[in-house]
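Right, one structure below, let's go through it.
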Amino acid sequence: MGLFKRKKSRQEKVADSDIETSTAIINGNVDSNTDDSGDILSSLGDMPITEHLIELRRHLIKICVAVLVIFLALVRFSRELYDFLSDPLVAQLPANSTMIATDITSNFMAPIRLTVFVAAFFAMPYILYQIWSFVAPGLYKKEKKIAIPVLMSSIFLFYAGVAFSYFIVLKGVLKFFIMFAPQNVLPMTDIDSYLSFALKLFMVFGLTFEIPVVTLLLILTGVVSIQSLEDKRRYIIVGCFAVAAVVTPPDGVSMLMLAIPMWLLFELGLFLAKILIKEEHSPALGSDTGLNKE
């Protein structure tokens, strides 16, 4: 019968270790100053790699199921979703020009691909929650306090980046390309090519808007310091324009629309890091002053 017993998950083992540690402290068997985070990490370290992989597989299955459920709910609206995506291009095309499908399967596959992307887009909070559930047992309490606001802000910033690329950048880039088309060329874009172009643009801006979170984490974890980033600000700005020139389409409009927000988002992350570090140091300074007065 022992073979049919359910194996404990990683979270349950961590919870058991917390209960055992608390019981030992109450009974006086363990020093109360002992760091319980070290016990948690040691208990996770004792787990075999197969259990970590099983736990990871469980979270990945949940993510795939969530994306599949949303996809099945949206698949009936796949053509409407593609119409919504293609509206900025159709509005810029000349009167006698339309979008075309050069492959016989494009009429079916392009809307389906877009629906999969939209399903993953809507499932992003749940996906990040599953990633958090897998990583959280191995974090210290202080790291957990920082991770939750970072998780929420990263979701918001990703959505903001995609919205910025659709409502602002995409229209400007399409207008730029169509405006410079030769007089004897009638623009008729393939639906697959346009979908790949738009999805790449969305992902680039969605990930770019995570720069404040990345900057904040690098400073709080001690990888870099605020002073070093301020000293290298000019090189970082040049790097923003270099990255924008590589990942965006070959035009100056999209490069500027990506490089300038990258620079401003970096400055935002630097500003937030200064505020958080001041808040961490101010209570410590107040307590030290009180001790000196006593």
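Modelled label-to-label distance, Arg79 and Val214, 7 Å Cα→beta-carbon offset: nm?
Inter-label distance under the simple model: 4.0 nm.
Once label points are set 7 Å from the Cα along Cα→Cβ at both Ile237 and Asp190, what is their separation, rounded to one decimal in nm?
Label at Ile237, label at Asp190, 4.1 nm between them.
Gln183 to Lys274: extension gain in nm, 0.36 nm per residue of separation minus the Cα-Cα distance?
On the way: separation 91, 0.36 × 91 = 32.76 nm, distance 5.38 nm.
The Gln183-Lys274 span can extend by a further 27.4 nm.
Work out the FRET efficiency for Ile260 and His52 from their Cβ-Cβ distance, taking R0 = 35 Å, and round it to the nearest 0.05.
Values: r = 42 Å, r/R0 = 1.20.
After rounding to 0.05, the efficiency reads 0.25.
Each label point is 7 Å from the Cα along the Cα-to-Cβ direction; what then is the distance between the points at Thr102 and Tyr140, in nm?
Between Thr102 and Tyr140, the label points sit 5.5 nm apart.
Could you compute the FRET efficiency for Thr221 and Val65, with r as their C-beta to C-beta distance and R0 at 22 Å, rounded to 0.05?
0.10
Over 25 Å between C-alpha atoms is what I'm after, so list which of Lys145/Lys274; Lys145/Lys200; Lys232/Lys274; Lys142/Lys274 land there.
Where the Cα-Cα span goes over 25 Å, the pairs concerned are Lys145/Lys200.
Using the per-residue mean of other Cβ atoms lying within 10 Å as a proxy for protection, in what order, highest first, do the peptides 58-66, 80-88 fall?
80-88, 58-66
None of the figures in this text is laboratory data; all of them are computed from the coordinates on show. Treat the numbers as computed from the prediction; the structure is a model and nothing was measured. Every residue, glycine among them, receives a Cβ derived from its backbone with ideal geometry; neighbour counts consider all protein chains shown.
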